[in-house]
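*Asks:* Below: one structure in structure tokens.
The values are calculated or read from the model by the stated rules, or taken from the named source; none is laboratory data. Model, not experiment: these values are computed from the prediction. Cβ sites come from the backbone with ideal geometry, for glycine too, and all protein chains shown count toward neighbours.
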Amino acid sequence: MTSRTRTFGPGGRVPDLAVEWHAGWPSAKHDPAPEIQSHAAEEHTVIMRQNMSVNFEAPFMFLLFGHRSALLIDTGATAEPEYFPLREVVDAHIADWLERHPREDYRLIVAHTHGHGDHKAADGQFADRPRTRIVGPGLEAVTAFYGFDDWPATPRELDLGGRVVDVIPGPGHHASATVFYDRWTRLLLTGDTLYPGHLYVQDWDAYKATVDRLVSWCDEHPVSHLLGCHVEMSTEPGEAYPRGWSHQPDEAALPMKVEQLRALQTALEEIGGAPGVHEYDDFHIWYRAD
Ligand SMILES: [Zn+2]
């Protein structure tokens, strides 16, 4: 009883990213907005953001639907469902989608851009979910699940059933970081490797190689937008909100262009591994050599 929707070809849909993301409230306690904001970028793609009033990290999360399986990328910064009901919200999105595209034995893969706490906190909410696989977040689990055999050199494909996502190794901010390229929307989901905000480099050489790898990827594939997992810059070029801020009324837009990735590549060449905070228009690069 599968409904025959057409196969997800490459570049099938231009995602609608025109959404005003809620960016906290002067008093977090009185924030009237829900814990999670959802935006359908197109029929088979939902972008979610954790409310800054629940946790200042306010990470973005992504839900991609294929014919056989959905892919949830990241589970946010808060574990407890009473403060952050991610499972409930994701289950509702999946139920909605299945109502429009009925099929049986639909699965869910819960994966991560990387293993930091603000991207995996609610993994436990999915632990008892039927037909659900939680990946990682450590390097061994990531390598085994996607089948990387020469990490970090070669990307692997993840097939959600007619919708293929390329998983690109992205160490540097975190050892097991991955970047996701969705052929359907042509979105490149860059995690904490690139977003409008504070870019924390843990391993300089690995990070630089990752940025080079992503630039090459963008040279060879059509990319509609780059979407990271946070926004910390303001609309004023070069101005970032301080870490821990939980109200960002003039925050920069989430979507970035390939030119901004190239600007990051150029910045890394300029910095050459010098420790410090290096401020650029669209991001601040933080590097402490240990
Ligand atoms: Zn993060």
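*Asks:* What pairs come up if the first residue lies in segment 173-190 and is within 11 Å of Gly138 (Cα to Cα), the second is at pLDDT below 95 and in a strand (DSSP E or B), and their beta carbons are under 7 Å apart, counting only those six or more places apart or on different chains?
*Replies:* none
*Asks:* Same structure, new question: Any chance you could count how many residues in segment 124-137 are within 16 Å of the ligand (Cβ to nearest atom) and over 21 Å from Gly66 (Cβ atoms)?
*Replies:* 1
*Asks:* Determine, yes or no, whether Val54 is in contact (Cβ under 8 Å) with a residue 12 or more places away in the chain and touching a helix residue (DSSP H, G or I) at 6+ places or on another chain (Cβ under 6 Å).
*Replies:* No; evaluated as a whole, the condition is false for this residue.
*Asks:* Which of the residues spanning segment 48-88 are of a type in the set (Gly, Ala, Ser) and within 16 Å of the ligand (Cβ to nearest atom)?
*Replies:* Ala58, Gly76, Ala77, Ala79
*Asks:* When both residues are 6+ apart or on different chains and their Cβ atoms are under 7 Å apart, which pairs have a first residue that lies in segment 66-82 and is more than 29 Å from Arg100 (Cα to Cα), and a second that is away from the ligand (no atom under 16 Å from the Cβ) and of a type in the set (Gly, Ala, Ser)?
*Replies:* Qualifying pairs under 7 Å: Ala79/Gly124.
*Asks:* I've got another one for you. Give the residue, chosen from Val89, Val142, that is part of a helix (DSSP H, G or I), touching a residue at least 40 places away in the same chain (Cβ under 8 Å) and not acidic (Asp, Glu).
*Replies:* Result of the check over Val89, Val142: Val89.
*Asks:* Hey, another quick one. Looking at Trp151, Trp184, which is the one that is part of a loop (DSSP other than H, G, I, E, B) and under 29 Å from Leu268 (Cβ atoms)?
*Replies:* Trp151
*Asks:* Please specify each residue of segment 89-115 satisfying the condition of being within 16 Å of the ligand (Cβ to nearest atom) and under 16 Å from Arg133 (Cβ atoms).
*Replies:* Within segment 89-115, Ala111, His112 meet the criteria.
*Asks:* List the pairs whose first member sits in segment 111-127 and is at pLDDT 95 or above, whose second member is near the ligand (Cβ under 10 Å from one of its atoms) and in a helix (DSSP H, G or I), and whose Cβ atoms are under 6 Å apart, counting only residues at least 6 apart or on separate chains?
*Replies:* Sorted first by the residue in segment 111-127, then by its partner, the pairs are His112/His119; Thr113/His119.
*Asks:* Just one of the numbered conditions (1) touching a residue at least 24 places away in the same chain (Cβ under 8 Å); (2) surrounded by fewer than 23 Cβ atoms within 10 Å (Cβ to Cβ); (3) of a type in the set (Asp, Glu) is not true of Glu236; which one?
*Replies:* (1)
*Asks:* Could I ask something else about it? Here are the criteria: (1) modelled with pLDDT under 95; (2) surrounded by fewer than 22 Cβ atoms within 10 Å (Cβ to Cβ). Tell me which single one Pro137 does not satisfy.
*Replies:* (2)
*Asks:* Within segment 199-220, is there a residue that is assigned to a loop (DSSP other than H, G, I, E, B) and more than 27 Å from Ala18 (Cβ to Cβ)?
*Replies:* yes
*Asks:* Of everything in segment 175-224, what is among the aromatic types (Phe, Trp, Tyr), within 14 Å of the ligand (Cβ to nearest atom) and surrounded by 22 or more Cβ atoms within 10 Å (Cβ to Cβ)? Give them in sequence order.
*Replies:* Tyr195
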